[in-house]
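Accompanying notes for the structure given below.
The values are calculated or read from the model by the stated rules, or taken from the named source; none is laboratory data. Bear in mind the structure is a predicted one, so any value in this text is a computation, not a measurement. Counting neighbours? That spans all protein chains shown, and the Cβs are built from the backbone with ideal geometry, glycine included.
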Amino acid sequence: VMRLLPDEIPTPEQISLPPQALKSYLEADNGLFLVCGATGSGKSTTIASMITARAARRREHVITFEDPIEYILPTDLPTLVTQREMGGDELDFGQSLRAALRQAPDVIMIGEIRDGETAEIALQASETGHVVIATMHTSSAAQTVQRFLKLVPSDRLENAMLSFADSMRMILCQQLLFDKEKQRRFAIHEIMFPYDSVTGMIRRGDFKRLDHELETGQTKGMQNFEQSLAAREFEGLKSSVRPPTGFSDHEVAEYLHQEAELISRSNHQEQPTTS
């Protein structure tokens, strides 16, 4: 299948990544970061943008496990990046992840967490001093917590809940919407951080209250989709309904191109004039 994503990795600013989300990832020395959304919501682009932004600022070793590799990460940055394309063999995937832990990487990127073994290895790595960033095919932060823990076998679920509460640093979910009047796509985001109230609910399995915690957590940097949409509407973008199946690769690429053009135009207009 031919991928139609752009050759260049956009900056976080070009894809309107919330600053508090980027700051959390850039400053972390360990922990689990989950980037979530439907197919065609731009998850791969967001995660590549975040990794590149961190790689430009820190001297580290990043190992990625992808199926398939969707972006070639830069090699001219302070961070050493090792990209590995995995097949569909879950056993091989798990073995490769465990082997990676012995190579002392600072950051491990997992293309998508789909099974219990991968979920448990991600928790183990994030608890032992690694930054783990991964995607999941979920539609909200609360659903992500439940879906992640459902992957773990029931006899280890209680420990996984405690580990997840201790290791989670951020859950970022995103959707792409379409403004018919401006004929352009734009992103909205849901963000969850591990404040005591959130981690307490996860430890107790009180997942139904997580949505309310997001709604009332704006002063802590958290937000739900409705609040993110209100902020984008304040910027002049109008609400639209997201297609249930997400956008195609071509449409995601078009959205990224439009965002980059708008940022570039805005920066140009703000340049001081010289006399």
Out of everything in the stretch 174-204 that is assigned to a strand (DSSP E or B) and acidic (D, E), what residue ends up being farthest from M222 (Cα to Cα)? D179
Just give me the residues in the stretch 69-97 being touching a strand residue (DSSP E or B) at 6+ places or on another chain (Cβ under 6 Å) and touching a residue at least 40 places away in the same chain (Cβ under 8 Å), in sequence order. L73
Verdict on F193 being hydrophobic (A, V, I, L, M, F, W, C) and modelled with pLDDT under 95: no
Residues R59, R98, R3: which one is more than 29 Å from M222 (Cβ to Cβ) and at pLDDT 95 or above? R59
Within the stretch 1-85, strands (runs of 3 or more DSSP E) holding 2 or more residues that are buried (at least 20 other Cβ atoms within 10 Å of the Cβ): 31-36, 61-66
Filter the stretch 108-151 for residues that are of a type in the set (D, E), touching a residue at least 40 places away in the same chain (Cβ under 8 Å) and touching a helix residue (DSSP H, G or I) at 6+ places or on another chain (Cβ under 8 Å); the one that is surrounded by the most Cβ atoms within 10 Å (Cβ to Cβ) is E120
